[in-house]
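Let me begin by presenting the structure, written as structure tokens, before commenting on it.
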Amino acid sequence: MTKENIKLIINYLDKLFPDAKTELYYENEFQLLIAIIMSAQTTDKQVNKANKVFFKVFENPNDWLKLWQNSIQNYLKTIWFYKTKAKNIYRTCEILSKNGLNNFDTIEKLQTLYWVWIKTAKVFLSITKNTQVLGIDTHVHRVLNRLWIVKTKSPLETDKKVEEILKKEDLVRLHHTLILFWRYNCIARNPKCDLCELKQICRYYKEVNLTKNISKNQ
Ligand code: SF4
């Protein structure tokens, strides 16, 4: 992909989402970390619905002392893997109540917490500290491959590649705009290609249309 095309993509996403920011509900950094942990394989909508109630009783890491693991589970019941997530949130809070979230200020340190993966850590640092990183989940991985910014087989591989290709100063902004783009436009099953101004440079769009034309001519 040429530098011009990358610029074109960044500018288009900025135009689509001029006020891009996380859609997760939280009132402090601790709650944001918990919300990101909960959002694995779950929509932000579902997470927010649970957290509007859960965060009333769960404002800081010490609140785990007041709640049994089972009662945390009750608050999370509507989200995927709620039992596992409740257990890991419980363990993470045990550590945070002793050591303080401020001490977990790097990707490596955050990953020592339970159920905090490289993507979780990057999303958290990007939002709270404006750290120039890009959290790669399956969706961001899909969009970057569709556009051929990368040509990779897994989110982890994309994670390694993407920061070599994109400029550091673009990553914080892209972190937010890419999430909104996959959520509302470049959807997994039915991407809204007809409305998309990137179709001229999109590998996925070219491939799909090529296949359609071939089958039409057969
Ligand atoms: S043309 Fe379609 S597949 Fe390509 S980036 Fe736009 S919405 Fe996604």
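Quick look at the numbers
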{"item": "Cα gyration tensor shape for the chain, rounded if a/c is under 1.5, else prolate or oblate", "result": "prolate"}
{"item": "Pairs beyond 18 Å (Cα-Cα), from Lys119/Lys160; Lys21/Lys83; Lys109/Lys168; Lys7/Lys122", "result": "Lys21/Lys83; Lys109/Lys168; Lys7/Lys122"}
{"item": "Residue-averaged [θ]222 nm for the chain, counting only DSSP H segments that reach four residues, each worth -39500 (n - 2.57)", "result": "-19000 deg cm²/dmol"}
{"item": "Region 29-129 - charge dipole about Cα centre, Lys and Arg +1 at Cβ, Asp and Glu -1, debye rounded to 20", "result": "340 debye"}
{"item": "Normalised per residue, the volume of the convex hull around the Cα set of region 127-208 (Å³)", "result": "97 Å³"}
{"item": "Global geometry of region 29-129, whether rounded, prolate or oblate, following the gyration tensor of its Cα atoms and the 1.5 cut on a/c", "result": "oblate"}
{"item": "Nearest-0.05 FRET efficiency for Asn103 and Lys56, computed from C-beta distance (R0 30 Å)", "result": "0.70"}
{"item": "Length added when fully stretched, Ser154-Lys66, from 0.36 nm per residue minus Cα-Cα", "result": "27.7 nm"}
{"item": "C-alpha long axis of helix 118-129 to longest principal axis of the chain, angle in °", "result": "80 degrees"}
{"item": "Simple label model, 7 Å out from Cα along Cβ direction - Glu197 to Lys167, nm", "result": "1.8 nm"}
{"item": "Rough spin-label spacing in nm, given labels placed 7 Å along Cα→Cβ, for Val208 and Thr2", "result": "2.5 nm"}
{"item": "Inter-probe distance in nm under a simple model that places probes 7 Å from Cα toward Cβ, at Thr84 and Asn190", "result": "3.0 nm"}
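Rule-based calculations on the coordinates, nothing more; no lab input. What you see is a predicted model; the values in this text were computed from it and never measured. Ideal geometry is used to build each Cβ from the backbone, glycine not excepted, and the neighbour counts take in all protein chains shown.
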